[in-house]
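Undergrad: Have a look at the structure that comes next, please.
The values are calculated or read from the model by the stated rules, or taken from the named source; none is laboratory data. Computed from a predicted model, the values in this text were never measured in an experiment. All Cβ positions, even for glycine, are placed from backbone atoms using ideal geometry, and neighbour counts span all protein chains on display.
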Amino acid sequence: MRLSFKSFMVAAALAACGCSQAKPLAVASAPEPATSPAVQPQASAPPSASTPVSFEQAVAGFPGCDLPGLYIDLETGQPASPYFAQHGLAPCETTDKLTTYCIKERFHGLPVVRMAIPNTTFPVFALYFDADLATARKSLKRALGSEFKASGKSRDGIVPELLADPKDGKRSILVCTKEF
């Protein structure tokens, strides 16, 4: 069964928040892990566990869906980015594909209340904003020069897509994913 990109994005967002039993797009062959540090080139060495990492640093690559440190290490079961341990974050929800953290942070002026990262090779990352879609679009346009609407680049995982939260019209979700 092949879902439309929009359906896939909504299913991924719902799966991330545990709001639905929606299934992600089935894949004929397993893709390379989208977030594996061995696969993703890095401009600089990743911070060590002792180097303080801010939220801004942890999600700095979100506008380009370049998030090499945001995933759950399959060997340790812990997030690869030291940001989570340094800030004492524990998951508030875990599904078979995503681990979600309830947080109180800001992303280019928008309040972030949840962040979902993959705990498998399923390449989905999400920031949940406590701001409606129109407010989030306006803020992101001002800060980053994009409203992050659906596009070929968002389908290819080059940029995220901003969606209305299907469970709460007063919230929105910025999602990075790749369509296979």
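Undergrad: Just to be sure I understand, how many residues within the range 56-100 are of a type in the set (S, T, N, Q), assigned to a loop (DSSP other than H, G, I, E, B) and buried (at least 19 other Cβ atoms within 10 Å of the Cβ)?
TA: 1
Undergrad: Within the range 101-134, restricting attention to residues that are among the small types (Gly, Ala, Ser) and in a strand (DSSP E or B), which residue is nearest to Lys178 (Cα to Cα)?
TA: Checking each candidate, the answer is Ala126.
Undergrad: Looking at Arg171, Arg114, Arg142 in this structure, which one is crowded, with 18+ Cβ neighbours inside 10 Å, at pLDDT 95 or above and more than 27 Å from Pro52 (Cα to Cα)?
TA: From the options Arg171, Arg114, Arg142, the qualifying one is Arg171.
One line per residue, one yes/no per condition, for (1) closer than 29 Å to Glu75 by Cβ; (2) at pLDDT below 95; (3) touching a Phe, Trp or Tyr at 6+ places or on another chain (Cβ under 8 Å):
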residue	(1), (2), (3)
Thr121	yes, yes, no
Leu127	yes, no, yes
Lys153	no, yes, no
Pro160	yes, no, yes
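Undergrad: May I ask you to list the residues in the range 135-180 that are farther than 18 Å from Glu56 by Cα and in a helix (DSSP H, G or I)?
TA: Selection gives Thr135, Arg137, Lys138, Gly152, Lys153, Ser154, Arg155.
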